[in-house]
Amino acid sequence: MPYILCFTVNRFMSPIPLSYYLVVSTLIFFIGMLGVLTRRNVLIILMSIELMLNAANINFIVFSYYLNSLRGQIFVFFVMTVAAAEAAVGLAVIVYLFRNKNTVNDDEFSLMRW
Amino acid sequence: MSQKNERILSYLLKSIKYPGKQQITSCLSRRDTSVKKYASFKHEEKDLTAFLIFSTLAILGALLTVTARNPIYSVLFLAMTFLQISGLYALLQAEFIAIVQIAVYAGAIMVLFLFVVMFLDVKEIATEKNFHPIAPVCLILALVLLGEFLVFIFYKPSREGGLSETVTAVGQIYGTAENIGRTLFSQYLLPFEVASILLLMAIVGAVVLAKR
């Protein structure tokens, strides 16, 4: 009887399991990767990269919560810095390419292809 | 009735360890036990509901971002995804990161994207073919990787090991601005300064590229 009670209390009281968050971040990473692989629009490819970075950030925050450590959150802070820099430079490159080629389709950008 | 409940709970606490222990003991030590207990039960349920809402909307927004024809819709759905993810951070007691997520991602980066999408000619983009011809192959490869990730999450090498569904914890660390700031300016001061150099280089690079 106490065991059953404990089980029910446990089910109610326990916080959200770690694996739920991991599944969510995995799905978001998967969707982002799908965008990078299948889309032709360079802008959307850049957005998909942001999605993948965010999925990694979720993992950092979740593990920082479950390991009782602040390091994951510090790392997310730096990832955000890098993502902001990447977005700024990437968008500048896209504007530059659009001026030269007049398109954002990634099939057209074959200047460095062997 | 409440005394009986209290006795059962204290018995449980003595006999078996479980993650919510601290919360219940803190509730028991206060005066109005039954109300507090009930409140804490409701709190956990609310947490799970919020998690389900945030995660569902985040995944939905990500899917719509990738599949939308018009890049403007894509940007807006991406902003929605970022807001939901910031909600997930708030659930995990990372308050500072949640606010920074809204300010930097949903604010700055999304405005930048929106600006560029509007700056370029959208009509020409929207009528083109959206996906690569080899998209099904990519889908299969990505599905394989997804399966691998899920195996990694749910695989249990032994009875105790592995990240099973039962791994839970009560977070004791709050990612407030004070805590983050203390850590950032003492232990991680050098990376912080290096990040400023990185941002400077990004500014210079963006200006140089845009001015050509």
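The values are calculated or read from the model by the stated rules, or taken from the named source; none is laboratory data. Here the structure is a predicted model, which is why all the values come from computation and not from measurement. All Cβ positions, glycine included, derive from the backbone under ideal geometry; neighbour counts span all protein chains shown.
Some observations on this one:
- Taking the criterion of being surrounded by fewer than 17 Cβ atoms within 10 Å (Cβ to Cβ), charged (D, E, K, R) and touching a residue at least 24 places away in the same chain (Cβ under 8 Å), the residues of the range A:64-114 that qualify are A:Asp106, A:Asp107.
- Across the range B:60-75, the qualifying residues are those that are touching a residue at least 12 places away in the same chain (Cβ under 8 Å) and among the aliphatic types (A, V, I, L, M), and the one among them that is nearest to the other protein chains (Cβ to nearest Cβ) is B:Ala62.
Condition check ((1) farther than 30 Å from B:Glu95 by Cβ; (2) within 7 Å of chain B (Cβ to nearest Cβ); (3) hydroxyl-bearing (Ser, Thr, Tyr)) across all residues:
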position	(1), (2), (3)
A:Ile58	no, yes, no
A:Asn68	no, yes, no
A:Gln73	no, yes, no
A:Val76	no, yes, no
A:Thr81	no, yes, yes
A:Ala87	no, yes, no
A:Ala92	yes, yes, no
A:Asn100	yes, no, no
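- For the range B:67-90, residues that are aliphatic (A, V, I, L, M) and surrounded by fewer than 23 Cβ atoms within 10 Å (Cβ to Cβ) total 7.
- Test for B:Lys156: is it of a type in the set (Lys, Arg) and under 23 Å from B:Val66 (Cα atoms): no
- If you go through the range B:171-187 and pick out every residue that is hydroxyl-bearing (Ser, Thr, Tyr), surrounded by fewer than 16 Cβ atoms within 10 Å (Cβ to Cβ) and at pLDDT 90 or above, you end up with 1.
- The range B:121-170 - residue that is surrounded by 15 or more Cβ atoms within 10 Å (Cβ to Cβ), closer than 26 Å to B:Leu91 by Cα and among the hydrophobic types (A, V, I, L, M, F, W, C) and, of those, modelled with the highest pLDDT: B:Leu146
- The set of residues in the range B:173-212 being under 14 Å from A:Phe75 (Cα atoms), among the aliphatic types (A, V, I, L, M) and more than 7 Å from every other protein chain (Cβ to nearest Cβ) consists of B:Leu189, B:Leu190, B:Val194.
- Some residue of the range B:110-120 being modelled with pLDDT under 90 and surrounded by fewer than 16 Cβ atoms within 10 Å (Cβ to Cβ): yes
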